Structures are given as structure tokens and as C-alpha cells.
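Here is the structure we will look at, set down as C-alpha cells.
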């Protein structure tokens, strides 16, 4: 059942984004009086549709993606018709090419802004200084001499970062040293941290975690934690006498217990409680668990439209920057493709988000729409970014490139895109295989 749901929600997700993307090209083409022959949902043979004016609006056999077919768009096509794409001034063709990704960016910004006007979740300490709450053994952070309680005040040339800023730098900096300035006991110190490539996530990891309160989100029925009186909303204070300043502190203690009871202290409405809680082995997760689901304290509020729009733009800019850093890391072999999600992965995420609710689904749609825009703007032949690059070169040269060169570049782009599709599908399938 979940498989069918996942496929359905994937088609909804991709369908909306492709519709918005192609509408951008379509509207821009109509604005400059370019004849649009086909507006297709999907690729391949035509299944059904309708003719409106000079445009065939159709559904095609492969309902994944879509395209707009403009007269004179492809290299080698006649541009004698004054309404063909190739006959239009380069600046108009540039706008038509950019209009698709622009619409995906607008969709991402609009979706997040709308969500923030309804529900804006924010970590309780999101605006606090970036303070370390945990440093794992034998990690880059430990090797650099960092300790819990250290306050990060500088990353490279970035001053007074929040933990979100630190995290974004960390995941994009595998095998790349970061200059860290920090405060310990009132003294300013400096060190260098080189995140390693995490084999599980495929991104950089320094082995540290932010200092945070750890709160009980739910208690598993009949688990030892429930029997010992733990409740939703309790704040975990200490485990085996060690202060809990991050989730990892608790996880380390439970993992090291090997099934023996751990001494857990927690706070509720200003009162402190303590009890020995015995972990149970989970066959599904292959680890010891005490029977609680944990979360960091979150403040739920709403934003007025100007603030929601501003926050949406900020988050989308950070997201776009992270995507480009990730692509650069892939090229430099500092990041792994394990963190990439193709159609299979996006289908799973779509189904999970839809089952969680509209907020999660529209949030995912915003993220994927931004990714689609960034990918399409890459200077790769056959993508919008490749066309934009060639048009910019022609504008600078003040002449057209040769038809033979354009056709060759188009073929190279097609081959490259097919290789990317095969690679992404292989990457998706490999994640499903055991081991």
C-alpha cells in the first residue's frame, strides 16, 4: 500500500513542479510572441490531450517531467518564421530560458512563506551563541581540542555564527579544514577542524553536537521508561551522573550500558526526579533503547507576511548555497553521492511527508522545487543553464555560434544527462540493497 501511495505522491509532487516550471517558459514565450507547438505533461508518445489555439496540450506516456516545444527551439531547426524561438533577439531568448527555473524559485519561496504564516517552528535556542554540548571520541572536534561548553565565535571569516551556520559549513567541508575561533573560560582560542566524510550520510562530520535541552516527545507503552514514570514533556537532566547537554550524551550512555540499567534524572514543572531505567534491545534498529522518543524544545509561532517572506528568502538562499557547495564537494570528491535522492528516494520522502500532513508535504515540495531550479541553472548543455550560458557567450561575441558546434554541444549534453539519470537511479537502488 505504501508503495502505491509513494508513487502517487511522487507524481503529484513532480507534476506540480514541472507544471510551474514549464508554465514559466510558456508564459515568457507567449509574452514575446513565440509560437508554442506543444505543452506536454511527461515524455514520449502522446496519450491524450486537447488543442487550444496553436498549442497541443497533451499527456504523454512517461508521466515523469514534461516539456514545452517552441518553434525553432532546437539547433538545426529553421528560424525563418519570425515567431520562432531562434528568430527572437537573444535577450528575449535569455528571459524565456530563465523563466522556468525562476518559477521554481518563486514556488519555493511562496510555499515556505505560506507555511511560515500558518506555522513557524523554531528551536528554542536558535538565536543563542553556537555552544558545543557534546564532542565524540576520536572525532575531528576532539582532535582539535574542543570540549563541551566551548562557544564558537568564528568559522573561517564568518563571525558570531549560530549553530545552523556552523552545521551548514560542517556538512559542506569534508576533508577541508575550518578555522575555528572559540571562547573557553573567558579566553579566546583558535583551532582548526577538518570534518571527515561520514560513511552513512555522505556529508562532512566533525563529531560535535550543539548544547541543547533534551525533551521527551513520547513514551513507548510498556517500556521501562513508562514504568519508571517518565512522561511527555519531561526534560532529561543527567545520565549516570553526567549532565545531558545533547542527544548524543544519552545515546553514548545507553549504547555503553549493553543492556544494564542507567541512572536517569529528569525535570518536570521545576521538580527533579531520578530512577534506574533498563534499556531493551531493538531488533529493528539494532541498538539499545530506553523507550522514549526525544526532541529538542521547539517554539511554534506564526509570522506576518513581510517576516514570512523575508525568512523564506533567507532559507532558500541558504539552501541554494548548500546545493552548490554540495555539487562542488562531489566534484572535488569531498562529499558522497549517498546523500543524493533520485526518483525512488523522492517517492519515499513524498509518501512519508504526505502521511505526516500538508505542512510536511508542502515543505518537501519547496525544497525539491529549489533543487530543480538550481539543477536546471547548471551550465550544462540541454539544461536551461546551458542555453543561458551559450546565449550570454553569443551576446558577448555579438554573433551566433556555428550550427555544427551547437548540435555537438546539444548531443554531449544529452549523453551527460542520460549518464546522470542512470547514476541517480543506480544510487537509489543501491540504498535499497542490504549491506
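A few comments on the model shown:
- Remark: the Cα gyration tensor places the range 164-239 in the oblate category, a/c being 1.5 or greater and a/b not exceeding b/c.
- Per-residue extension of 0.36 nm, minus the Cα-Cα distance of residue 355 and residue 394, leaves a gain of 9.2 nm for this segment.
- Ascending count of other beta-carbon atoms within 10 Å, so fewest first, for 246, 275: 275, 246
- Extension gain from residue 405 to residue 151, taking 0.36 nm per residue of separation minus the Cα-Cα distance: 85.9 nm
- Sites residue 295 and residue 422 - FRET efficiency at Förster radius 45 Å, r taken between beta-carbons, to 0.05: 0.70
- Residues 21, 190, 251, sorted so that the one with the fewest Cβ neighbours within 10 Å comes first: 190, 251, 21
- Sequence of 367, 401 once ranked by neighbouring C-beta atoms within 10 Å, starting from the fewest: 401, 367
- Spin-label model, residue 119 to residue 273: label points 7 Å out along the Cα-to-beta-carbon direction sit 2.7 nm apart.
- Size of the range 214-295 from its Cα atoms: along the principal axes, largest to smallest, the extents are 36, 26, 21 Å.
- Share, in percent, of DSSP beta bridges within the chain that are antiparallel, nearest 5: 95 percent
- With the simple model of a label 7 Å out from the Cα in the direction of the Cβ, residue 32 to residue 158 spans 3.7 nm.
- Spatially, the range 165-232 and the range 356-435 are offset by 33 Å when compared through their Cα centroids.
- Calculated [θ] (222 nm, deg cm²/dmol) that DSSP helices of n ≥ 4 give over the chain, each run adding -39,500 (n - 2.57): -15000 deg cm²/dmol
- Entry note, the chain: relative contact order of 17 percent, from Cα contacts under 8 Å with a spacing of 6+ residues.
- Theoretical gain in end-to-end length, residue 11 to residue 330 [0.36 nm per residue, Cα-Cα removed]: 112.0 nm
- The range 124-178 shape via C-alpha gyration tensor axes, a/c threshold 1.5: oblate
- Most simply put, the range 34-74 has about 75% antiparallel DSSP beta bridges, counting only bridges with both residues inside it.
Throughout, read-outs are computed from the coordinates displayed, never taken from laboratory work. The structure displayed is predicted, hence computed values, not measured ones. Heads up, the Cβs are rebuilt from the backbone with ideal geometry, glycines too, and the neighbour counts pull from every protein chain shown.
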